[in-house]
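The values are calculated or read from the model by the stated rules, or taken from the named source; none is laboratory data. No experiment lies behind these values; they were computed from the predicted model shown. Here the Cβ positions follow ideal geometry from the backbone for every residue, glycine too, while neighbour counts run over all protein chains shown. The area values use the complete protein model at the heavy-atom level, side chains included, leaving out ligands, DNA and RNA. Shrake-Rupley method; radii C 1.70, N 1.55, O 1.52, S 1.80 Å.
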Amino acid sequence: MRITRDLLLSTAKDTVKRRVFNSSDIVCAYLTGSITREDPLIGGTTDIDLIYVHSLEAPQQREIIPITDDFHLDIAHFSQSFFSQPRKLRSDAWVGSFLCHYPIVLHDTNHWFDYVRSGAFAHFFQPINTILRVKPFIESARRDWIALLNKQNNNQDFLHPYLKIIKNAADAVSCLTSVPLTDRRFLIDFPQATQGINMPGLVGGLVDLIMPIDSIEPDWDIWLGNWNTAFSSLQQIDNRPLSYSSCRRSYYEKAILGLKDENSQAAVWLLLWTWSLMASRLPRNNSSQKGYDDLLSQLMLGADNFSERLTGLDQFLDAVEESIEGWQAAAGI
């Protein structure tokens, strides 16, 4: 089946039409994320990020609905009260940012969306509001680095927090000029974010945090075979994150396959990001653990390299903090 942006938009419109027909409390429905791009696909797969705003309490926070193996609906639900003070959205890096960056409105009652977006959009890009969106990311990154430094002997819990610190720091950079980085496009979009603040060297600094000193030949067949084993194992546990529902296997796997030849570092990031979260939820004796440990050893992200990796991460955070301070000085705040 050939997936086009027109097909995705048609699917979204039909979904909203049916939902509005069956529910009287939907005030607004709009699209954000990859579907707002001209080319929303990576590895032939994508999702449709749909926001429902309810006049009453939201029936649930999030739901994922499979459409085909290669795309699905990722629906977030909000109560109308969340948007009651649009000015506060100017400092919201997630809802506010995506509300102000090219959303596509599919349903709106009484011009609700226009009212809320205009209130959030006014002064959204002023430096004082930009830095309010940036600071929580870099402050969390530094705070979590200190926490990780104090528990680096706990091998099992090291990698995903380590990657989360990197991601928060990169999101801080991205939010200086745009929106936070998404999982699949993380190392696709980060270079553009660094160009936006004239700090392209941050890209190499980030890549150095996840790749070994000496180049290696990736064994994608083995890596993805073990990754798939971990994904299957995750489906058997009760506390599986919704983002790792069975219908999202292709969403991640085909993205990795689609990136591995043209942007191998972006593929490695996505492999590590997803697998490290799965490993943190699975028991240590699960059947994919040895493959995971072998991967970390090859990438110099194992226990023997923790101290060195934390030092490199400290230096990267210093560079990001200095970049933010330079941006603030140039903006006069």
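Applying a threshold of 9 Å to beta carbon distances and a minimum spacing of six or more residues, or different chains, the list of pairs starting in the range 302-320 at a residue that is open to solvent by 40 Å² or more (accessible area, probe 1.4 Å) and ending at one that is among the polar types (S, T, N, Q) reads Ala303/Gln152; Ala303/Asn153; Ala303/Asn155; Asp304/Ser297; Ser307/Gln152.
Can you pull out the residues in the range 89-110 that are part of a loop (DSSP other than H, G, I, E, B) and of a type in the set (Gly, Ala, Ser)? Full working, then the answer.
So in the range 89-110, the residues part of a loop (DSSP other than H, G, I, E, B) come out as 92-94, 100-103, 109-110.
Answer for the range 89-110, where residues must be part of a loop (DSSP other than H, G, I, E, B) and of a type in the set (Gly, Ala, Ser): just Ala93.
So which residues in the range 261-283 are of a type in the set (Ser, Thr, Tyr) and either open to solvent by less than 10 Å² (accessible area, probe 1.4 Å) or modelled with pLDDT of 95 or more (or both)? The answer is Ser264, Thr274, Ser276. Of all residues in the range 50-75, those that are more than 12 Å from Leu242 (Cα to Cα) have Cβ atoms under 6 Å from Cβ atoms of residues that are charged (D, E, K, R) and part of a loop (DSSP other than H, G, I, E, B), 6 or more apart or on another chain, in His54/Asp25; Ser55/Asp25; Leu56/Asp25.
Sort out which residues of the range 201-231 are assigned to a loop (DSSP other than H, G, I, E, B) and open to solvent by less than 30 Å² (accessible area, probe 1.4 Å), and write them in order of number.
Step one: filter the range 201-231 for residues assigned to a loop (DSSP other than H, G, I, E, B), giving 209-219.
Within the range 201-231, Leu209, Ile210, Pro212 meet the criteria.
Suppose the filter is under 20 Å from the mean Cα position of the chain (by Cα), among the β-branched types (Val, Ile, Thr) and open to solvent by 20 Å² or more (accessible area, probe 1.4 Å); does Val105 pass it? Spell out the reasoning first.
Working: under 20 Å from the mean Cα position of the chain (by Cα): no; among the β-branched types (Val, Ile, Thr): yes; open to solvent by 20 Å² or more (accessible area, probe 1.4 Å): yes.
Spelling it out, it is not the case that Val105 is under 20 Å from the mean Cα position of the chain (by Cα), among the β-branched types (Val, Ile, Thr) and open to solvent by 20 Å² or more (accessible area, probe 1.4 Å).
The C-beta contact set for the range 1-18 (first residue free of Cβ contacts under 8 Å to residues at least 12 places away in the same chain, second residue in a helix (DSSP H, G or I) and among the charged types (D, E, K, R), distance under 6 angstrom, 6+ apart or interchain) is empty. The condition (being under 21 Å from Pro161 (Cα atoms) and either modelled with pLDDT of 95 or more or touching a His at 6+ places or on another chain (Cβ under 7 Å) (or both)) is satisfied by just one residue among Asp221, Asp208: Asp208. For the range 1-36, a residue qualifies if it is exposed (fewer than 15 other Cβ atoms within 10 Å of the Cβ), at pLDDT 95 or above and not in a helix (DSSP H, G or I), and exactly one does: Thr4. Residues Ala230, Ala147, Ala193, Ala170: which one is more than 23 Å from Thr46 (Cα to Cα) and of a type in the set (A, V, I, L, M)? Of Ala230, Ala147, Ala193, Ala170, the one residue that is more than 23 Å from Thr46 (Cα to Cα) and of a type in the set (A, V, I, L, M) is Ala147. Taken over the range 126-159, the residue count meeting the criterion of being at pLDDT below 95 and either open to solvent by 10 Å² or more (accessible area, probe 1.4 Å) or under 21 Å from Ala193 (Cα atoms) (or both) is 10. Here the range 284-301 is the region considered, the condition is being open to solvent by 40 Å² or more (accessible area, probe 1.4 Å) and assigned to a helix (DSSP H, G or I), and the residue that is farthest from Val268 (Cα to Cα) is Lys290. Filtered by the rule that a residue be open to solvent by less than 30 Å² (accessible area, probe 1.4 Å) and within 16 Å of Asp14 (Cα to Cα), the range 43-63 gives Asp47, Ile48, Leu50, Ile51, Tyr52.
Tell me, which residue of the range 160-200 that is hydroxyl-bearing (Ser, Thr, Tyr) and either closer than 22 Å to Gln298 by Cβ or in contact with a helix residue (DSSP H, G or I) (Cβ under 6 Å, 6 or more places away or on another chain) (or both) is surrounded by the fewest Cβ atoms within 10 Å (Cβ to Cβ)? Can you show your working first?
So in the range 160-200, the residues hydroxyl-bearing (Ser, Thr, Tyr) come out as 162, 174, 177-178, 182, 194.
The next check asks that each one be either closer than 22 Å to Gln298 by Cβ or in contact with a helix residue (DSSP H, G or I) (Cβ under 6 Å, 6 or more places away or on another chain) (or both); those that pass are 162, 174, 177, 194.
Numbers: Tyr162: 23, Ser174: 25, Thr177: 15, Thr194: 23.
This residue is Thr177.
Does the range 69-106 hold any residues that are farther than 29 Å from Leu176 by Cβ and among the charged types (D, E, K, R), and which are they?
Asp69, Asp70
Looking only at residues in the range 190-212 that are small (Gly, Ala, Ser) and more than 17 Å from the chain's Cα centre (by Cα), the one that is farthest from Ser264 (Cα to Cα) is Gly196.
Considering every residue within the range 268-281, establish whether at least one is among the polar types (S, T, N, Q), under 25 Å from Gln60 (Cα atoms) and in contact (Cβ under 8 Å) with a residue 12 or more places away in the chain. Even if it seems obvious, please write down each step before you answer.
Keep residues of the range 268-281 that are among the polar types (S, T, N, Q), which gives 274, 276, 280.
Those still in the list that are under 25 Å from Gln60 (Cα atoms) too: 274.
Going one step further and asking which of them are in contact (Cβ under 8 Å) with a residue 12 or more places away in the chain, we end up with 274.
Among the residues of the range 268-281, at least one is among the polar types (S, T, N, Q), under 25 Å from Gln60 (Cα atoms) and in contact (Cβ under 8 Å) with a residue 12 or more places away in the chain, which makes the answer yes.
May I ask you to list the residues in the range 67-90 that are open to solvent by 50 Å² or more (accessible area, probe 1.4 Å) and of a type in the set (Gly, Ala, Ser)? Correct list: Ser81, Ser84.
Evaluation of Asp39 against the conditions (1) buried (at least 18 other Cβ atoms within 10 Å of the Cβ); (2) under 21 Å from Arg185 (Cα atoms); (3) of a type outside the set (A, V, I, L, M) shows that the sole unmet condition is (1).
The combined condition, being open to solvent by 30 Å² or more (accessible area, probe 1.4 Å) and closer than 17 Å to Trp273 by Cβ, is not fulfilled by Leu234.
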